[in-house]
1. For 206, 72, 67, 279, which order do you get if you count the other beta carbons within 10 Å of each Cβ and list the fewest first?
2. How long is the stretch 2-308 along each principal axis, judged by its Cα atoms, biggest number first, in Å?
3. Quick check on the stretch 64-199: what are the equivalent-ellipsoid semi-axes from the Cα gyration tensor, as sqrt(5λ), descending, whole Å?
4. Return the calculated 222 nm mean residue ellipticity for the chain, to the nearest 500 deg cm²/dmol, obtained by summing -39500 (n - 2.57) across DSSP H runs with n ≥ 4 and dividing by the residue count.
5. Is any helix in the chain, taking whole DSSP H runs, at least 18 angstrom long along its axis by alpha carbon and on average at least -1.0 on the Kyte-Doolittle scale, and which ones?
6. Roughly how many debye, to the nearest 20, is the charge dipole of the chain about its Cα centre, given +1 on each Lys and Arg Cβ, -1 on each Asp and Glu Cβ, and no other charges?
7. Return 220, 55, 263 ranked ascending by Cβ neighbour count within 10 Å, so the fewest neighbours appear first.
8. From the phi angles alone, apply the Karplus equation (6.51, -1.76, 1.60; θ = phi - 60°) to the stretch 245-252 and give each ³J(HN,Hα) in whole Hz, x where the residue is Gly or Pro.
Amino acid sequence: MKNYANTWMIHEIIRLGRLPFLGAGFILYATGAVLAAIETGHISAEQFIAGYLIVMPAHLSVSYSNDYYDFDLDGSDSSTRYSGGSGVLQRHPELRSFAWRFAVFLIAISIMLSIIYAINYRNPSVFLLTVSGSLLGWFYSAPPLRLSYRGLGEIATAITGFIFPAMGYSVIAGGPDLQILLFTIPIMLLQLVFIINVEIPDIQEDLAGGKMTLPVRIGVRDSRRIMVLASATATVMLALLSLSESFSPGINFLLISALSLTVTVPCIHSLHGSGDGDDVASKSELVMNSLIAFGILNLIYLTGVMVTA
């Protein structure tokens, strides 16, 4: 019986980490690395893996620290596949101190590995990006900044649309440059779509808990309008990159722009509907799935360009 209880607790600790979110971070990281490989003409599996071993623990720490600091806000039965907390700490409050300590441990591991990488490969940008990303993730919910409680959570999340790809790009190219900056501007807009989309189903809990997210401040309908504007702008900006001479001519940005319609169209669709709880949840899940689909398709396309270059 004791072994069963221990196994169940380990399962809950893993669930607290919300591992599916790591997949999205990996897609963004890998996209940056593949873009760097296209631009530089080389890729190192060793550096790619070493870089992700830095990214992964820092990204994972966010789930543990956010659940710790949002303990009074989240409900045990309010989470969905993509929104709300994991609900684990509400069912097992005895794990709260573990969640905080483990989050700190993961950040420490990430920063330590980034220092080793920076020294070994003479690439300080990896350390700087790691520290920046870790601070954004920690202070998203943690005091004294509590960015998501002060109406800054959307900006912080949008910036991760630069940090994740820039990490992948930097481990291969040696540091960020104009190409990755231009490429990640539309990605940051799509990250804005992502965070607003996952905030919408939590609007009642966030309102009650004083979390000043965009949906709390302006409502669901106007938040979805911003999602449409952000996704449509990202689509246009990706198309405009086809006019830039900064990138390899082998990249068809018009195709990438067309792929991004997999996000823009569902965002437009989300404007229509009843607006009740089930409708909000289903539309948010549709948009989230569309973001994942675009990320995968974009990565597959760029990988094909890299292989055939």
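1. 72, 279, 206, 67
2. Reported extents, whole Å, longest axis first: 53, 48, 37.
3. Output for the stretch 64-199: semi-axes of 29, 19, 11 Å.
4. Values: 14 runs with 231 residues, N = 309.
My calculation for the chain gives -25000 deg cm²/dmol from helical runs alone.
5. Going by DSSP H runs, the hits are 2-16, 20-40, 45-69, 96-121, 124-139, 153-173, 178-199, 220-240, 277-308.
6. 320 debye
7. Numbers: 220 21, 55 26, 263 29.
Going from sparsest to densest Cβ surroundings: 220, 55, 263.
8. Couplings: 9, 7, 9, 4, x, x, 8, 9 Hz.
Throughout, read-outs are computed from the coordinates displayed, never taken from laboratory work. Since we're looking at a predicted model, the values are computed, not measured. When we count neighbours, we look across all protein chains shown, and the Cβ atoms used for this are built from the backbone with ideal geometry, even at glycine.
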